[in-house]
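All remarks here apply to the structure that follows.
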Amino acid sequence: MSRMNIDLPGLSLKNPVMPASGCFGFGREFSQLFDLSELGAIMIKATTEEPRYGNATPRVAETPAGMLNAIGLQNPGLEKVIGNELEWLKQFDVPIIANVAGSQTEDYVQVAKEISKVENVHALELNISCPNVKTGGIAFGTIPETAKELTKKVKEVSEVPVYVKLSPNVSDIVGMAKAVEDGGADGITMINTLLGMRIDLKTGRPVLANRTGGLSGPAVKPVAVRMVYEVSQKTNLPIIGMGGISTVEDIIEFYLAGADAVAIGTANFVNPFICTELIAGLDQYLEKHNVDHISELKGLSWK
Amino acid sequence: MIQKELMTVVAQSEIAKNIFEMTLKGTLVDQMDEPGKFVHLKAGEEVTPLLRRPISIARIEPEKQEFTMIYRAEGAGTNVLARKRPGDKVNVLGPLGHGFPVGEAQTGQTALLIGGGIGVPPLYELSRRLNAKGVKTIHVLGFQNQAAAFYTEQFALLGETYVATVDGSLGEQGFVTDVVNNHGLKADIFYSCGPTVMLKAVEQLHAAPHGFISLEERMGCGIGACFACVCHPSADETGTSYLKICSDGPVFKAGEVAL
């Protein structure tokens, strides 16, 4: 599959397809279904310094062509992620991108410092875009100057390249991208979920216990494609694109928009075999369309 | 082993108001080793409804490679499912979760099976297996009313069966717990499935020294990856411990989960 290998800062990927953070846990469940070494990389579930239970249930609600979630960064905390989850993942030949989250700058810095030392962590994904926690998360992802400062601080301590995950809940996505680029980011991952809500007609109240949640799935794909299209023309940073991808054609669309690799989110919940199916399907597509290497497609929609 | 398969609808009928019984055929049935596990279905290939629907397994027939499920058509997904006809395909992921441990009941013992509404179906395959093992079963089935009741005769063929309806239109008026108390039902073990509020009441009955309950919850992935269906264990000193209903359950030891 030499037409699919991609080199990005810190990451030497055998193919450009990886599960998105929060949609794959730490891989254990999926390892019963296929060999995790087949994946380009794995973006593990967001890790915070302390364990978090997350929000009350209901935490998910279905929407037209999509879903809302408000999990609330549930995770076992830095110590257990390193000691149990990352240790367990070492048996697979796959680079790990560790999603780092927190409530304040110090939390991010502490998690980034420790988790970036782990052998199989090849890059960090700075989560400044989670819409489902009261402090931190998206608060860092909507003000360019704040995002820049946080990126800078994390870059100072991280031993691996830092990708910043952008929120679509901003009026100027290019401004955000340029801010984190100024802060020293090595790459961008985009997009996180769009803030949304559903109201139960029987109770008259929001369906989710958290009231609002992050919208994902095919419904958000046009927003993501548009943002990748805009950002890729204005920054020099590599982009891992995501948002509603569920078919090979979707992956091609993200490449044409300007992505360097792609991540699969919600589709993993609908079809847990989706990543391996897409990797095989993408290779066939490239062969059929006489594409020598997938990177040739990057940004063709605006070049 | 979890599989994904386009299974074929063999039969489908409405057996009570909005309650459908569907039989599906395919090799995935070979993996169904335990009652109480569930399947996760995608009703159609369209993007709406997007997510799968978790549905319990009511009967397994390995020799025919068929299984039967009973579900209530109440939302977008289950309504699409309800329109399927014999010969149609359904995208099935499963079997998922941990089921009822039949091995916990010994030959010659008595098991009390308590089900409420759409929690009744998985108890049917459980009862068949217990009876095949020589465990005597007593069934207490609760429904909203007569129109919503199903499988009472099938259960009666397997053992002593009591029915309770909220409005008294079938069987005894009241809740399943009233029936257990009124008849002084006792057993060596209990198994229960139904709404959480019912399970909570069942756990407090003390009709058997130990038992197992099966929980219902809105699910995302069904395999333990999305953290949509978490619950707190009873023993949780830090407040950060959790159990995932889809993959740690849906069957838990009575008392294990904070209901």
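The values are calculated or read from the model by the stated rules, or taken from the named source; none is laboratory data. What you see is a predicted model, and the numbers here were worked out from it, not measured in a lab. Cβ atoms come from the backbone with ideal geometry, glycine included; neighbour counts cover every protein chain shown. Just the protein is used for accessible areas: all its heavy atoms, side chains included, with ligands, DNA and RNA removed. Shrake-Rupley method; radii C 1.70, N 1.55, O 1.52, S 1.80 Å.
Points worth noting:
- On the basis of the beta-carbon distance and an R0 of 25 Å, A:ASP182 and A:GLU106 show a calculated FRET efficiency of 0.70.
- The residues of segment A:163-272 expose, per residue, 35 Å² of accessible area to a 1.4 Å probe.
- Lysines whose Cα lies under 20 Å from that of B:LYS4, excluding same-chain neighbours fewer than 8 positions away: B:LYS25, B:LYS37, B:LYS42, B:LYS64, B:LYS84, B:LYS89
- Descending semi-axes in Å of segment A:170-247, equivalent ellipsoid built from Cα gyration tensor: 30, 14, 10
- Using a Förster distance of 45 Å, the FRET efficiency for B:LYS186-A:GLU79 (Cβ separation, nearest 0.05): 0.45
- Stretch gain in nm, segment B:ALA258-B:ASP178, where the contour uses 0.36 nm per residue and the Cα spacing is subtracted: 26.5 nm
- Separation of alpha-carbon centers, segment B:20-85 and segment A:77-94, rounded to whole Å: 35 Å
- With 0.36 nm allotted per residue and the present C-alpha distance subtracted, the A:PHE273-A:HIS293 stretch has 4.8 nm of extension available.
- Each residue of segment A:159-174 was assigned a 3J(HN,Hα) from its phi angle through the Karplus expression (A = 6.51, B = -1.76, C = 1.60, θ = phi - 60°), giving 8, 10, x, 10, 9, 10, 8, 8, 8, x, 7, 9, 7, 10, 5, 5 Hz with x at Gly and Pro.
- Point-charge dipole on Cβ atoms (K/R +1, D/E -1) for chain A, about Cα centre, debye to 20: 920 debye
- Spin-label model, A:ALA280 to A:ALA209: label points 7 Å out along the Cα-to-beta-carbon direction sit 3.9 nm apart.
- Across the options A:MET197, A:LEU124, A:VAL220, the greatest Cα extent toward the positive end of the charge dipole of segment A:79-223 (unit charges at beta carbon of Lys, Arg, Asp, Glu) belongs to A:MET197.
- Lys/Arg +1, Asp/Glu -1 at C-beta; the protein assembly as shown dipole; positive extreme among B:ALA16, A:VAL174, A:MET242: B:ALA16
- Here the Karplus curve 6.51 cos²θ - 1.76 cosθ + 1.60, taken at θ = phi - 60°, turns the phi angles of segment B:202-207 into couplings of 5, 4, 8, 6, 6, 7 Hz, with x standing for Gly and Pro.
- Taking 18 Å as the straight-line reach from the Cα of B:LYS136, the lysines in range (excluding those fewer than 8 positions away in the same chain) are B:LYS186.
- Residue (of B:GLN146, B:GLY115, B:GLY168) at the positive-pole extreme of chain B, dipole from beta-carbon charges: B:GLN146
- Between chain B and chain A, roughly 2700 Å² of accessible surface gets buried, counting both sides and using a 1.4 Å probe.
- Sequence-distant lysines (8 or more away, or on other chains) whose Cα lies within less than 27 Å of A:LYS303: A:LYS14, A:LYS165, A:LYS178, A:LYS221, A:LYS234, A:LYS288
- Using a Förster distance of 60 Å, the FRET efficiency for B:GLU63-A:SER171 (Cβ separation, nearest 0.05): 0.45
- Label-reachable residues, segment A:71-91, where backbone N falls under 17 Å from a point 7 Å from B:SER241's Cα toward its Cβ: A:75-77, A:80
- The rule of thumb for compact globular proteins, 2.2 N^0.38 Å, goes into the C-alpha radius of gyration of segment B:8-112 1.13 times.
- For B:ARG59, the residues 5 or more places off, or on other chains, whose built amide H falls under 5 Å of its own are B:THR68.
- Paramagnetic reach from A:ALA56 in segment A:194-217 [backbone N under 17 Å; point 7 Å along Cα→Cβ]: A:198-200, A:203-213
- Taken along the Cα-to-beta-carbon direction at a fixed 7 Å, the label points for B:LYS17 and A:ASP93 span 6.1 nm.
- Dipole magnitude for segment A:1-138: computed about the Cα centre from +1 point charges on Lys and Arg Cβ and -1 point charges on Asp and Glu Cβ, it is near 220 debye.
- The simple spin-label model puts a point 7 Å past each Cα toward its Cβ; for B:ALA73 and A:LYS152 those points are separated by 6.2 nm.
- Take each residue in B:227-234, count the other chain C-beta atoms within 10 Å of its C-beta, and the mean is 5.
- The string of couplings for segment B:87-95 from the Karplus curve (6.51, -1.76, 1.60, θ = phi - 60°) is x, 5, 9, 10, 7, 10, 10, x, x Hz, one whole number per residue in order, with x for Gly and Pro.
- Around the Cα centre of the protein assembly as shown, unit charges on the Cβ atoms of Lys, Arg, Asp and Glu (plus for the first two, minus for the last two) sum to a dipole of about 960 debye.
- For segment B:207-259: rounded, prolate or oblate by the Cα gyration tensor [a/c cutoff 1.5]: oblate
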